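Reviewing the structure listed below.
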Amino acid sequence: MNKVSPGIEAAIADIQDGSSVMIGGFGGAGAPIELIGALIERYRATGSPGSLTVINNNAGNGAVGIAAMIYAGMVAKMVCSFPRSSDPKAFTERYLAGRIELELVPQGTLAERIRAAGAGIPAFYTPTSYGTQLAEGKPVAEFEGRHYVQERWLKADVALIKAEIADRNGNLTYKKAARNFAPLMAMAAATTIVQARRIVEPGDIDPEHVVTPGIFVDRIVEIADARQEEVLLREGAKQ
């Protein structure tokens, strides 16, 4: 039951080429910068893991986080809602050059596809995207006089998320808006890897405060002084 990893490198060591990777965060809020950084360092040292499909709300900013993964050449496909952000150069250059694929998903649909995977629901219907290019080729049904588009669940091989406090059994709490997609992604991935600001003993977290139960978590690393994406962007940092 002790899910604490011996180190950040060990935590991400078995992520394979071609994996689908969900990465928590809404912009910089909840972005697991240190886990991403360790994955980039591993790729630069070994050439693996590459050809990744990355699932996130956006396609990265500046030269840190997901954008740094794209610059490194690790990402073959982005599944996201907002491929353009304040500094989307990494994704935009490669997309226009045909070097990265994009699956554009409306934000609410993205969240629900991930949630459906965690709940074991293979498909659902939503009115969002009906009549647009995003609905082309998808089944459509009419309910109570309104048309709905069928969307499929969205699973992943790995989820990388950031928590505020974790206990050794993997129970998690989050810091306010940093929670965003993380609880859903933890349920939808085959392996969930967490960086937490603090790791405590089982029982130290009030059960009423647990957001993600430990059953959905596989590995935890403690990163007490985690960096914030927006600060790194203002500093012009590169990963």
*In the stretch 101-159, how many residues are small (Gly, Ala, Ser) and under 22 Å from Ala188 (Cβ atoms)?*
11
*Can you tell me which of Ala59, Ala76, Ala72, Ala68 is surrounded by 15 or more Cβ atoms within 10 Å (Cβ to Cβ), among the hydrophobic types (A, V, I, L, M, F, W, C) and within 20 Å of Leu184 (Cα to Cα)?*
Ala59
_Filter result (part of a strand (DSSP E or B) and farther than 16 Å from Gly27 by Cα) within the stretch 159-187_ = Ala159, Glu164, Ile165, Ala166, Asp167, Leu172, Thr173
_Here's a check for you: in the stretch 135-158, which residue that is without any contact (Cβ under 8 Å) to a residue 60 or more places away in the chain and not in a strand (DSSP E or B) is most open to solvent (accessible area, probe 1.4 Å)?_
Glu144
*Restricting attention to the stretch 188-239, which residues are open to solvent by 80 Å² or more (accessible area, probe 1.4 Å), in a loop (DSSP other than H, G, I, E, B) and under 17 Å from Glu164 (Cα atoms)?*
Glu201, Asp204, Asp225, Arg227
*What about Arg115, is it open to solvent by 70 Å² or more (accessible area, probe 1.4 Å), of a type in the set (Lys, Arg), in contact (Cβ under 8 Å) with a residue 40 or more places away in the chain and not in a strand (DSSP E or B)?*
yes
_the stretch 16-30, residues that are part of a loop (DSSP other than H, G, I, E, B) and closer than 20 Å to Glu103 by Cβ_ = Asp17, Gly18, Ser19, Gly24, Gly25, Gly27
*Pairs where the first residue, in the stretch 119-130, is in a loop (DSSP other than H, G, I, E, B) and the second is open to solvent by less than 40 Å² (accessible area, probe 1.4 Å) and not β-branched (Val, Ile, Thr), C-beta under 7 Å, 6+ apart*: Thr128/Pro106; Ser129/Pro106; Ser129/Ala135
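The values are calculated or read from the model by the stated rules, or taken from the named source; none is laboratory data. Keep in mind the model is a prediction, meaning the values are calculated, not measured. Don't worry about glycine lacking a Cβ; one is built from the backbone with ideal geometry, like all the others, and counts go over all protein chains shown. Heavy atoms of the whole protein, side chains included, go into the accessibility calculation; ligands, DNA and RNA do not. Shrake-Rupley method; radii C 1.70, N 1.55, O 1.52, S 1.80 Å.
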